[in-house]
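Working notes, beginning with the structure itself.
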Amino acid sequence: MTYRTTYPGGPDEPWDDTVCFSCGCDLPDEDPDPENGITGVSPWWEGYCSEPCRKGEPVPTDESQLKSLDAYGHLTYTTGYSDEENDAKGVYTERDMGDWLACFDFKVWKHPSRGVLVAFHVVVNSDSGGFTDTLESSVVEADKAPFSLPDYWTGIGMDDGTPWTEQECKDANDCQERWEADLREAIEQAKGGE
Ligand SMILES: [Zn+2]
């Protein structure tokens, strides 16, 4: 039997826990560098995914990007229905079915080794339902960007059979168009001269 050093997170280990020492992104498991094998120092303990990380340039984490999203704060992209006007007037109609508003936000940035990334979230508010919840939140690569997210959620909002007014439908279409255009533009900008 030949003695061989087992490196933490290395190819001898059944799990892959090799991450960039700076940004924490996943690194591929590689065979130990023979020099490090001799010194017994794991080449993974201080592995970096890229030059910027090696130099210690700050790379935003997925968590911090997700936390910076604020769809329900700025209400730039929203789709939904409400009977607020009727409620304010004290008028009750067959449309008196409460309210439902889906709000969207995204952030695009370039990661030094993972490429252009998109963080996004969906916050749904319903005063009549008494909740404001983040129902979807994720970080994806730019080629998997959720361009049709507002349309998808408009579909969910229409599922319960509440009739949307013409204006609400128009606003939903408008939200979808702006979202898609702004997201594409942000991705193109982040890609820069690629
Ligand atoms: Zn890194």
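The values are calculated or read from the model by the stated rules, or taken from the named source; none is laboratory data. Note that the structure is predicted; figures quoted are calculated from it, not measured. Cβ atoms come from the backbone with ideal geometry, glycine included; neighbour counts cover every protein chain shown.
Quick rundown of the values:
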item	result
Q167 being part of a helix (DSSP H, G or I), polar (S, T, N, Q) and under 16 Å from K107 (Cβ atoms)	no
Segment 175-192, residues that are surrounded by 15 or more Cβ atoms within 10 Å (Cβ to Cβ) and free of Cβ contacts under 8 Å to residues at least 60 places away in the same chain	E180
Looking only at segment 44-73, and only at residues there that are modelled with pLDDT under 90, buried (at least 17 other Cβ atoms within 10 Å of the Cβ) and not small (G, A, S), the one that is nearest to the ligand (Cβ to nearest atom)	C49
Filter result (free of Cβ contacts under 8 Å to residues at least 40 places away in the same chain and farther than 18 Å from E63 by Cα) within segment 129-145	G129, G130, F131, D143, K144
P32 being away from the ligand (no atom under 16 Å from the Cβ), more than 30 Å from L101 (Cβ to Cβ), at pLDDT below 85 and not assigned by TED's automatic domain parsing to the domain that holds L101	yes
